[in-house]
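To keep things clear, I will list the structure first and then write my remarks on it.
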Amino acid sequence: MSKATLYATIWLSALMLTLAGCPSEPTGDTPVGKWLLKEPVTGQNYYIYVPNRYSHKTPAPVIISCHGTVPFDVSNSHIETWKGFGERYGFIIVCPDMVGTDGILGDGPTQAMLEDEHRILSILSTLSHMYNIDRANVFLTGFSGGGFPTYFVGLRHPDIFRAVSPRNSNFNERNLDGWFPPEANTLPMFIAWGDNDPGTIKDQSENAVSYLRRKGFRPTTKVIPNTGHERKPRYTMDFFLAHRAPPKGTMTVAPRSPARPAYPRTPAARPYSAPPRRPATPPVRRGTYDAPPPP
């Protein structure tokens, strides 16, 4: 066994024990349940929670949460982690199935990040037809290996995301540098990790902070005391609430203006232009759904 393989195996074992022994911080019960939907363009699954008080007359803010290494961290875990806050503060919560989020043996490859970007933007476009989304308050967060797409997608779209928060996250400068526009450095960012996190997570979080500061960002950071590799969304939720902007109305995900500075893109990574949203009455929801809601 090579030294690199040995280290990876040790870290994997430690992570498995950590995740198994430290449940996610509870965020409260909800009167209605999550839905499991399939995004029609990409054909990929995502979980969504819509707060019980949602009204089509009022734009609703959105939090998108990216899961980490499968099978230790999956989209269902994230919807369960965040839905209590969604209900309490009136946020729609979205947790997509992602690729390239293996933070144990992976490094956030660019092609996988472009696929994750495709999925996230397609979901936002689809939801703009279903709900009255507050385009001024769309937030992006991710845990562990979900930090790869959180950094990549968030920084590439400062016009879409109000704030970004990688939590206990992996980071890879090589697959991020040069892929986002200069104006991204005005994006509010909150980076947190536990004081008992694995060394890899702590090192990569510190590397991310150092890199972003060199690029002109001013990230807010927090080392959470008495915490290992655990989902602790409270601090990120507080940050999002503190940076919430006045509503601007329904969101339409559109391509960037051609006048913006050029940076690497691929056709597959371009956002979708959603046609004008048709007003609709959302379905009445009763009970808990782990399948698509009735039409």
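The numbers here are math on the coordinates, done by the rules we state, and not lab data. Everything quoted here is computed from the prediction, not taken from an experiment. Here Cβ is always computed from backbone atoms with ideal geometry, including for glycine, and neighbour counts include all displayed protein chains.
Set the Förster distance to 25 Å, then compute FRET efficiency between THR58 and ALA242 from the Cβ-Cβ distance, nearest 0.05. Mind dumping the intermediate values first?
Numbers: r = 21 Å, r/R0 = 0.83.
Approximately 0.75, to the nearest 0.05.
If the chain between ASN76 and LYS215 were fully stretched, how many nm would it gain, using 0.36 nm times the residue separation less the Cα-Cα distance? Show your work: numbers first, answer last.
Working: separation 139, 0.36 × 139 = 50.04 nm, distance 3.44 nm.
Using 0.36 nm per residue and subtracting the Cα-Cα distance, I get 46.6 nm.
List the residues whose amide H sits under 5 Å from the amide H of ILE224, counting only those 5 or more places along or on another chain, with H placed 1.01 Å from N in the peptide plane.
Here TRP193, GLY194, ASP195 satisfy the definition.
Can you give me the distance in nm between label points at ASP29 and TYR235, each placed 7 Å from the Cα along the Cα-to-Cβ direction?
If labels sit at ASP29 and TYR235, their model points lie 3.0 nm apart.
Under a crude label model (7 Å from the Cα following the beta-carbon direction), how far is THR186 from GLN111 in nanometres?
Using points 7 Å along Cα→Cβ, the separation is 3.6 nm.
Calculate one ³J(HN,Hα) per residue across the range 30-42 by plugging θ = phi - 60° into the Karplus curve 6.51 cos²θ - 1.76 cosθ + 1.60, and present them in order as whole Hz with x for glycine and proline.
Using θ = phi - 60°, the values come out as 10, x, 10, x, 7, 10, 10, 10, 10, 6, x, 7, 8 Hz.
Which whole-Hz ³J(HN,Hα) couplings does the range 83-94 yield from phi under the Karplus relation 6.51 cos²θ - 1.76 cosθ + 1.60, θ = phi - 60°, glycine and proline marked x?
Result, rounded to whole Hz: 5, x, 5, x, 5, 5, 10, x, 9, 7, 10, 10.
How large is ³J(HN,Hα), in whole Hz, for each residue of the range 199-208 in order, when computed from phi with the Karplus curve 6.51 cos²θ - 1.76 cosθ + 1.60 and θ = phi - 60°, using x for Gly and Pro?
Result, rounded to whole Hz: x, 4, 5, 5, 5, 5, 5, 5, 4, 4.
Need the full-extension length gain, HIS129 to LYS202, defined as separation in residues times 0.36 nm minus the C-alpha distance. One decimal, nm.
On the way: separation 73, 0.36 × 73 = 26.28 nm, distance 4.00 nm.
This chain segment gains 22.3 nm when fully extended.
Could you name the lysines whose alpha carbon sits less than 17 Å from that of LYS34, not counting residues in the same chain fewer than 8 places away?
Partners found: LYS83.
For LYS215, give me every one of the lysines with a C-alpha distance below 18 angstrom, ignoring sequence neighbours fewer than eight places off in its own chain.
none
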